Each structure stands twice: as C-alpha cells, then as structure tokens.
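Remarks on the structure that follows.
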Amino acid sequence: MIYLSLGSNIGDRKRYLNTAIEAIQKFAEIKQVSSLYETVPLGFESDEMFYNSCIGIECALSPIELLAEINRIEAVAGRVRFNDGKYRSRNLDIDILFYHNQVIQEENLMVPHPRIFERKFVLIPLFEIAPDLIHPESHDSIAEILSKCKDNSELEKI
C-alpha cells in the first residue's frame, strides 16, 4: 500500500482535497480515506487553518512517476512552489508518506516522509486508516509513532 497525505489551507479547502482525490483516482485505486481534520499551520504563521487527510492507494507508478503526477495535480490546482525552504500557505499539498515498505533517498524524494515523526496532522489521519502500518526504518507502528509524537497541536475532526 502507498500512503499519501493531503492538505490545504487556502480557498475552498475541501474542494481542493476532493479534486486531488478525483485526480489521483485516474491513475490509482484508492483503498482507504481518512476523515478530514482541521489543524493549525505547523512551521509558519497563518490565520488560515489547514484541512488534512490521508489516503491509502495502490498504483503501478514508480515512486518518481507518482511524485511527478502529484506535482502535476498540485500545479493544476494552482500551487506555486518556492525553493527557499520556507513553509507557506498553500491551496494543495500532497506528500508521499510511505511507498509500500521501501526506503527511498533521492534528491527530490525521501520516503518514508522524513518529518512524519513530528506531525500529528499526518499521524492522526494515518492512524485512522493504518494503525498497524510499520515504519520500515524505525520498525515502529503508526500507533507507536503517534504515542511518541511531541507535537501538541490540536486537531478537530470535520
């Protein structure tokens, strides 16, 4: 199974996430969809709250091909990327969290997602659909990772 995180905090957040799921369905079979959660931005200041969810998919694309499709979906939605390393508000953000049990260290793709341990807005929706998923490097389940997460952000299920 491949797990993706979806987020939006600009404009019609729910529509952006639904549009992303519809676009993903064109090349992947969506097996699981978490609830939608509203969360505060992490790593930057913004008055706009995020909507976040996770999905589990199966597809024939390689990790790099999947990343290209995700980047295309974000671009079609109007996402503008900056190369300064700063977090900003965005209408659509899709991250590859896990690609089966593979560990991928490419210039533009690191899987499992390297900051998953720090992000409740990812861990809680992922826990909802895959609590027993095992991280291929730490060998901890998502439930165990969530229990150790130091992020004290509040999430509200929508």
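The values are calculated or read from the model by the stated rules, or taken from the named source; none is laboratory data. This structure is a prediction, so every number in the text was calculated from the model and none was measured. A quick note on method: Cβ atoms are made from the backbone with ideal geometry, for glycine too, and the neighbour counts reach across all protein chains shown.
Go through segment 130-155 and report how many residues are surrounded by 19 or more Cβ atoms within 10 Å (Cβ to Cβ) and small (Gly, Ala, Ser).
Summing the residues that are surrounded by 19 or more Cβ atoms within 10 Å (Cβ to Cβ) and small (Gly, Ala, Ser) in segment 130-155 gives 1.
What's the total number of residues in segment 110-129 that are out of contact with any Cys (no Cβ under 8 Å at 6 or more places or on another chain) and surrounded by 15 or more Cβ atoms within 10 Å (Cβ to Cβ)?
7
If you go through segment 133-153, how many residues are at pLDDT 95 or above and either among the small types (Gly, Ala, Ser) or in contact with a strand residue (DSSP E or B) (Cβ under 6 Å, 6 or more places away or on another chain) (or both)?
4
Among the numbered conditions (1) crowded, with 16+ Cβ neighbours inside 10 Å; (2) within 27 Å of Lys26 (Cβ to Cβ); (3) at pLDDT below 90, tell me where Pro41 comes up short.
(2)
Check off (1) among the aromatic types (Phe, Trp, Tyr); (2) modelled with pLDDT of 95 or more; (3) surrounded by fewer than 16 Cβ atoms within 10 Å (Cβ to Cβ); (4) within 19 Å of Glu154 (Cβ to Cβ) for Phe27 and give me the number that stays unchecked.
All conditions are met except number (4).
If a residue has to be part of a loop (DSSP other than H, G, I, E, B) and over 14 Å from Glu118 (Cα atoms) to count, how many in segment 141-158 make the cut?
The total comes to 1.
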